[in-house]
1. Please work out the Cα convex hull volume for segment 74-268 and give it in Å³ per residue.
2. Please check which bits of segment 67-84 a label hung off Glu28 would reach, taking the label as a point 7 Å along Cα-to-C-beta and the cut-off as backbone N under 16 Å.
3. Relative to a virtual label point 7 Å from the Cα of Ala93 in the Cα→beta-carbon direction, which members of segment 245-272 show backbone nitrogen distances below 19 Å?
4. Heavy-atom accessible area of Trp213 with all protein chains present, probe 1.4 Å, nearest 10 Å²?
5. Quote the accessible area belonging to Met87 in square angstrom, nearest 10, computed with a 1.4 Å probe and with ligands, DNA and RNA left uncounted.
6. Per residue, how much accessible area does the chain have with a 1.4 Å probe, in Å²?
7. Of all trypsin sites (Lys or Arg not before Pro) in segment 1-109, which ones are in loop regions per DSSP and have a Cβ with at most 15 other Cβ atoms within 10 Å?
8. Dipole of segment 1-83, Cα-centred, from +1 at each Lys and Arg C-beta and -1 at each Asp and Glu C-beta, to the nearest 20 debye?
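The values are calculated or read from the model by the stated rules, or taken from the named source; none is laboratory data. The shown structure was predicted, so the numbers you read here are calculated from the model rather than taken from an experiment. Counting neighbours? That spans all protein chains shown, and the Cβs are built from the backbone with ideal geometry, glycine included. Ligands, DNA and RNA are excluded from the accessible area calculation, which covers all protein heavy atoms including side chains. Shrake-Rupley method; radii C 1.70, N 1.55, O 1.52, S 1.80 Å.
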Amino acid sequence: MDRPINPAQHCLDVCSAFGQAADPRMTEVMEAAVRHLHAFVEEVGLTREEWLAGINFLTEVGKNCDDVRQEFVLLSDTLGVSMLVEMVNEQPAPGSTEPTVLGPFYVEGALPRAFGDSIVDDPSTGGEPLVLHGTLTDLDGHPIPEATIEVWQVQPNGLYDIEENPQKRNLRGVFRTRGDGTYEVRTVRPVDYTIPDDGPVGAMLRTAGRKPWRPAHVHLMVRAPGYKPLVTHAFDAGSPWLSEDAVFGVRGSIIAPMDDGDCQFDLVIEKI
Ligand code: BEZ
Ligand code: FE
């Protein structure tokens with residue numbers, strides 16, 4: 001091996017080592033990942049100590065993952081990667097409701113609810129009563145009946161039900177739109193809350209001078225046969241954290257006033 005090896009040649013050598021994968025997509029993804037990773041190391045002149053600190057950080061992130069806590073997803077969220085993956089995979093048609101992150105607190109099997117039902121299952125929930133309602137339409141403004149709108153949100157104490165107790169269910173429900181496309185949910189006004197920040201991702205945010213807050217929101221997942229599923233939030237227009245969301249999930253079209261116990265949040269989805 002008598003050829004000179006500089007960083008550029010070294011990067012090419014590592015990339016070409018991935019050139020024989022049985023799946024060409026594996027080659028494409030790994031070559032790009034190596035190129036960007038090497039460019040990052042060169043650009044910042046990464047020291048050995050920083051490299052080791054990075055390895056130790058990722059090790060801690062891995063140690064903080066189990067069935068209920070997924071610190072790698074939280075890392076992806078706080079680095080803006082989760083939202084970027086959404087943007088790369090789905091460009092919403094103009095006029096349709098913008099999507100945002102699913103988040104880690106979605107639970108399958110929420111109770112079916114009738115139009116106007118309450119999702120407050122724990123009588124000690126507290127908070128300000130809120131009626132969240134609106135109409136689901138297609139891009140031409142035609143109402144979509146019999147769609148499911150699944151909602152879930154944080155409790156007024158700043159915790160999701162399952163953070164308090166994995167078995168607890170509160171502030172969740174699956175609604176169906178009526179013949180005119182309308183839906184209505186009785187709930188409590190969502191509050192601003194912090195993402196789980198007692199692990200390495202929280203430490204990263206503090207070290208970087210970032211805040212762990214998410215602006216108050218209700219999660220909505222909309223499904224209707226023949227339409228693209230939509231995962232989004234209704235953000236409270238009164239939240240002070242709209243421009244500092246820890247996971248970069250805020251979009252202009254999904255901010256709505258929630259004053260005086262009422263929030264109209266119309267939804268528009270696209271045909272497949
Ligand atoms: C949430 O909105 O529930 C959420 C999203 C991303 C990270 C943490 C929480
Ligand atoms: Fe949330």
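1. 117 Å³
2. The answer is none, because no backbone nitrogen lies closer than 16 Å to the label point.
3. So the set is 253-254, 266-272.
4. The value for Trp213 is about 80 Å².
5. Its heavy atoms expose roughly 90 Å² to the probe.
6. Computed with neighbouring chains in place, this is 55 Å² per residue.
7. Here the sparse-neighbourhood loop sites are Arg69.
8. 120 debye
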